[in-house]
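The values are calculated or read from the model by the stated rules, or taken from the named source; none is laboratory data. The structure displayed is predicted, hence computed values, not measured ones. Here the Cβ positions follow ideal geometry from the backbone for every residue, glycine too, while neighbour counts run over all protein chains shown. With ligands, DNA and RNA removed, areas are computed over all heavy atoms of the protein, side chains included. Shrake-Rupley method; radii C 1.70, N 1.55, O 1.52, S 1.80 Å.
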Amino acid sequence: MKTVTTLDELWAERANLAGPVGLVPTMGFLHEGHLSLVRQAREECASVVVSIFVNPTQFGPSEDLATYPRDTDRDLALLQAAGTDLVWTPTVEVMYPPGFQTYVEVEGVSAGLEGERRPGHFRGVATVVAKLLAAIQPQRAYFGQKDAQQTVVIRQMSRDLSFPVDVVICPTVREPDGLAMSSRNAYLHGDERAAATVLYQALTAARAAFETGSRDAETLRQIMAATIDAEPLARRQYVSCADPLTLHELEGPVDSALLSMAVFVGRTRLIDNLMLDNA
Ligand code: AMP
């Protein structure tokens, strides 16, 4: 496994990689969710490239950029064990050199849900992913369903900008008690860790209702909201029952839907989602 930082180093190593090349973009502090993407890429591609970059442009001014957890040595050991060929760890100066002034903005599907509560977030995400795709030129790029809106935004961006890449979405990896794995789970202290299972409990309560015939979108939102509100350490930011393609909020009876939410547990903001499908 090679590790590179500059663009020149990246391009020199990229030229030696057999295709198809699979890319797994990450912000580091890796867990089993990230590693599941690497393993799927390993199975489907001749070469696997992983990027580790805590992307400042996708953090809002009051968000956790400064405290975002980092452990590059541990990440590299995990990536080596998972069979990664090349790791790119660009600095902020490599990714956004002085004078940088080009951003990618995906309009419709970035507007609601996370985009509404984190203004500018998806502009940062789309910009950095476009730069990763342009620099690495993978045939396949792997993303987690954990960040559901991000998958929709990236598919749209990739299509609109004609990137010759297959965007592959991998299932959410969870802890045994249902909590979706996330680097931000490291922020949870004491009782907050147990309380954080309320997101998955809310999603599965709504799914159970759906499967026993409760198809009304507002009823499903109310079930999720009531479950979260019953947990004293949790504060609901939003719950959503949306069209999986447009991400527009649904009303009335639904056949398929993306259930999603953002919840503060203590000071930690967590997101999770579940897809409902009547098929
Ligand atoms: P991040 O480092 O949080 O930017 O995540 C990098 C990639 O890993 C993104 O495509 C995430 O959606 C994905 N990912 C994060 N957590 C999980 C998880 N629990 N299961 C599956 N994929 C995940």
TODO: Please list, ordered by first then second residue, the pairs with beta carbon atoms under 6 Å, 6 or more apart or interchain, first in the stretch 167-188 and aliphatic (A, V, I, L, M) and more than 6 Å from the ligand (Cβ to nearest atom), second part of a helix (DSSP H, G or I) and open to solvent by 30 Å² or more (accessible area, probe 1.4 Å).
DONE: Val167/Arg155
Open item on the list: I need the full set of residues from the stretch 211-238 which are farther than 24 Å from Pro176 by Cβ and in contact with a strand residue (DSSP E or B) (Cβ under 7 Å, 6 or more places away or on another chain), in order please.
Closed with: Arg215, Asp216, Ala217, Leu220, Arg221, Ala225, Asp229, Arg235, Arg236, Gln237, Tyr238
Open item on the list: Only one of Ser256, Ser260 is surrounded by fewer than 22 Cβ atoms within 10 Å (Cβ to Cβ), touching a Leu at 6+ places or on another chain (Cβ under 7 Å) and among the polar types (S, T, N, Q). Can you tell me which?
Closed with: Ser256
Open item on the list: I'd like the residue in the stretch 82-102 that is open to solvent by less than 90 Å² (accessible area, probe 1.4 Å) and not in a loop (DSSP other than H, G, I, E, B) and, out of all such residues, is nearest to Glu44 (Cα to Cα).
Closed with: Leu86
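For the stretch 68-81, give me each residue that is without any contact (Cβ under 8 Å) to a residue 60 or more places away in the chain and under 20 Å from the mean Cα position of the chain (by Cα). Walk me through it before giving the result.
Kept after step one, since they are without any contact (Cβ under 8 Å) to a residue 60 or more places away in the chain, are these residues of the stretch 68-81: 70-75, 77-78, 81.
Those that are without any contact (Cβ under 8 Å) to a residue 60 or more places away in the chain and under 20 Å from the mean Cα position of the chain (by Cα): Arg70, Asp71, Thr72, Asp75, Leu78.
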Task: the stretch 1-18 - residue that is of a type in the set (Asp, Glu) and open to solvent by 60 Å² or more (accessible area, probe 1.4 Å) and, of those, nearest to Leu78 (Cα to Cα) - done: Glu9
Task: Members of the stretch 229-245 found to be open to solvent by 20 Å² or more (accessible area, probe 1.4 Å) and under 20 Å from Gln149 (Cβ atoms), listed by number - done: Arg236, Gln237, Val239, Asp243, Pro244, Leu245
TODO: Go through the stretch 163-174 residue by residue and tally those that are open to solvent by less than 50 Å² (accessible area, probe 1.4 Å) and under 19 Å from Thr268 (Cβ atoms).
DONE: 2
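Within the stretch 175-228, which residues are among the acidic types (Asp, Glu) and either assigned to a helix (DSSP H, G or I) or open to solvent by less than 20 Å² (accessible area, probe 1.4 Å) (or both)? If you could, list the steps in order and put the result at the bottom.
Our first condition is that a residue be among the acidic types (Asp, Glu); within the stretch 175-228, this holds for 175, 177, 191-192, 211, 216, 218.
Those that are among the acidic types (Asp, Glu) and either assigned to a helix (DSSP H, G or I) or open to solvent by less than 20 Å² (accessible area, probe 1.4 Å) (or both): Asp191, Glu192, Glu211, Glu218.
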Open item on the list: Tell me whether the stretch 159-168 contains one or more residues that are among the aliphatic types (A, V, I, L, M), in contact with a Leu (Cβ under 8 Å, 6 or more places away or on another chain) and modelled with pLDDT of 95 or more.
Closed with: yes
- [ ] With the condition kept exactly as written, say whether any residue in the stretch 19-27 is surrounded by fewer than 17 Cβ atoms within 10 Å (Cβ to Cβ) and on the phi < 0 side of the Ramachandran plot.
- [x] yes
- [ ] State which residue is farthest from Ala126 (Cα to Cα) when the search covers only the stretch 45-57 and only residues that are within 16 Å of the chain's Cα centre (by Cα) and open to solvent by 20 Å² or more (accessible area, probe 1.4 Å).
- [x] Pro56
- [ ] Kindly indicate whether any position in the stretch 246-255 is within 18 Å of the chain's Cα centre (by Cα) and not β-branched (Val, Ile, Thr).
- [x] yes
- [ ] Only one of these is closer than 19 Å to Ser182 by Cα, more than 13 Å from the ligand (Cβ to nearest atom), in contact with a Gly (Cβ under 7 Å, 6 or more places away or on another chain) and open to solvent by 20 Å² or more (accessible area, probe 1.4 Å): Arg118, Arg42, Arg70, Arg74. Name it.
- [x] Arg118
Task: Test: residue in the stretch 156-165 that is within 20 Å of the chain's Cα centre (by Cα) and assigned to a loop (DSSP other than H, G, I, E, B) - done: yes
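Can you find even one residue in the stretch 144-162 that is more than 10 Å from the ligand (Cβ to nearest atom), open to solvent by 70 Å² or more (accessible area, probe 1.4 Å), touching a residue at least 40 places away in the same chain (Cβ under 8 Å) and not aliphatic (A, V, I, L, M)?
Yes, the stretch 144-162 has at least one match.
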